[in-house]
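What follows is a set of notes on a single structure, which appears directly below.
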Amino acid sequence: ITRLKWSLSVLTPDALRLILATLLTSFPIGYMLIVMPIYFNKVGLDSEIIGRLYAVSSIVSAVLLVVFGVMADRFGRKPFVLAGLALPAVSYALFISTTDTLLLTLAAGIGGIGLAGGLSGALSSAGFNALLAEKTSDADRTLIFSIASAAWTAALMGGSLISCLPEWLQQTCGVGLAASYHPLFWVSLVVTLLGAALVWPVQETHTRDFGSAGSHTSLIPRGSLGAMAKLSLVMGLIGLGLGFSVQLLSLWFYLRFNVSGDFLGPWYAASEALSIPAIYIIPRMARRIGTANTVLVTQGTASLFLVSMIFAPTAALAAALYLVRNFLMNLAWPAQQSYIMGVVEPRERATASSAVFAVWGLANSISPAIAGVWLDQGQLALPLMAGTVSYLLSVALFYGFFRRVRLPEETAPGASVGQPEFAEP
């Protein structure tokens with residue numbers, strides 16, 4: 001309880017609003033990751049077309065991210081975050097009203113499908129991390145990003161638990177196939193708008209410093225260019241691996257073991273619940289062994305559990321292996337996000353972050369389409385193998401680039417990233 005109180009004490013009101021907005025707007029992702037590939041399959045789309053929908057989402061996000069990132073640094077980050085968090089509501093409305101492939105493709109481009117988030121993901125990603133980093137000190141930044149990651153994880157856990165709703169409505173209430181998914185889409189629409197509303201009162205100081213004439217950020221973040229190029233390569237490989245192995249993973253389970261959201265939901269929820277302790281684990285690891293070693297240990301081990309799923313004889317064992325893999329990856333993610341914010345100049349944060357995640361999105365746009373072809377051909381092992389190779393290459397490069405680089409807050413005495421060793425009562 002003492003540790004929890006101390007952790008929450010570093011949250012400013014605006015940081016809390018941003019984290020709560022993350023909690024609400026990420027809630028639909030918890031079940032969308034599970035139900036959407038299966039839903040698309042059940043309404044008549046083959047795996048290749050499903051992969052293309054996810055590719056469209058990633059391509060739109062990647063193409064627009066860099067443009068929006070530069071604009072966010074010049075004109076203010078909050079408007080982009082606000083628009084990006086609210087826009088998926090349009091996609092959810094389309095899911096309620098149609099199963100037409102062209103309109104679903106439009107919805108994918110707007111947002112609501114996949115982790116990249118299409119146009120909405122580009123808008124919110126362009127400014128969110130930079131805006132959140134503005135609301136904390138360097139010493140507390142890794143902790144704040146860990147809390148934000150914990151909020152994301154809690155949202156995914158809660159969302160996963162209701163992914164069984166369509167099957168329950170079909171079996172218990174006799175609701176039609178497509179209509180049984182509509183309640184989830186309505187919930188998505190409502191919580192998305194509520195989350196966006198929380199960002200409205202957030203105050204931004206960035207525009208007062210950089211919004212005046214003659215102070216615009218350069219189109220090329222020269223001060224951060226070297227680090228940005230290295231991080232782009234690392235994150236591109238992560239995006240490639242994610243698209244191969246995770247975006248269509250629920251479809252993989254469906255094709256391999258014939259299980260749907262009613263089986264997968266509790267497993268996905270458990271995997272997210274186990275990741276919540278990252279709020280304490282990651283800041284301590286980053287301070288004691290460095291960010292590069294933290295990523296090496298967590299992401300490298302997670303890749304081994306991912307490839308082990310290929311050999312699982314039952315759905316339960318495969319889900320258990322994924323549970324461990326997800327826990328370890330959720331430890332690596334906030335460390336990498338905080339590192340990106342810490343290694344670039346503050347005035348270039350939105351531009352650099354957007355460029356890095358644009359490469360992530362471009363790579364992520366390629367792999368789901370390839371994975372969809374493999375799944376259609378019955379090559380169920382290939383997506384997980386390709387994902388594992390991509391993740392291992394990513395962690396090797398990150399370690400090679402940054403093993404000797406420790407950010408100031410990782411070594412500063414008394415910094416809250418590693419705070420404290422509370423005396424036991």
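Can you bin the stretch 57-113 into rounded, prolate or oblate? Criterion: square roots of the alpha carbon gyration tensor eigenvalues sorted a ≥ b ≥ c, rounded for a/c under 1.5, prolate for a/b above b/c, oblate for the rest. Oblate. Stretched out straight at 0.36 nm per residue, the stretch from residue 100 to residue 12 would grow longer than its current Cα-Cα span by 27.2 nm.
The distance linking the stretch 236-251 with the stretch 119-140 is 24 Å (Cα centroid to Cα centroid, whole angstrom). Net charge of the neighbourhood of residue 254, taken over other residues with C-beta under 14 Å away and scored Lys/Arg +1, Asp/Glu -1, is -2. Applying 1/(1 + (r/R0)^6) with r as the Cβ-Cβ distance of residue 311 and residue 379 and R0 = 22 angstrom yields a FRET efficiency of 0.90.
Within the accessible surface of the stretch 257-402, defined with a 1.4 Å probe on protein heavy atoms only, the carbon and sulfur portion equals 72 percent. Could you please report the charge total around residue 31, scoring K, R as +1 and D, E as -1 over all other residues with beta-carbon less than 14 angstrom from its beta-carbon? Combined, the nearby Lys, Arg, Asp and Glu give -3.
Rounded to the nearest 0.05, the FRET efficiency derived from the C-beta distance between residue 46 and residue 137 at R0 = 41 Å is 0.20. In this label model, residue 276 and residue 168 are separated by 1.9 nm, measuring between points 7 Å along each Cα→Cβ vector. Per-residue surface analysis assigns residue 262 an accessible area of about 80 Å², computed on protein heavy atoms at 1.4 Å probe radius.
The values are calculated or read from the model by the stated rules, or taken from the named source; none is laboratory data. Bear in mind the structure is a predicted one, so any value in this text is a computation, not a measurement. As a convention, Cβ positions derive from the backbone with ideal geometry for all residues, glycine included, and neighbour counts pool all protein chains shown. Each accessible area value is taken on the protein alone, full model and side chains, heavy atoms only, with ligands, DNA and RNA left out. Shrake-Rupley method; radii C 1.70, N 1.55, O 1.52, S 1.80 Å.
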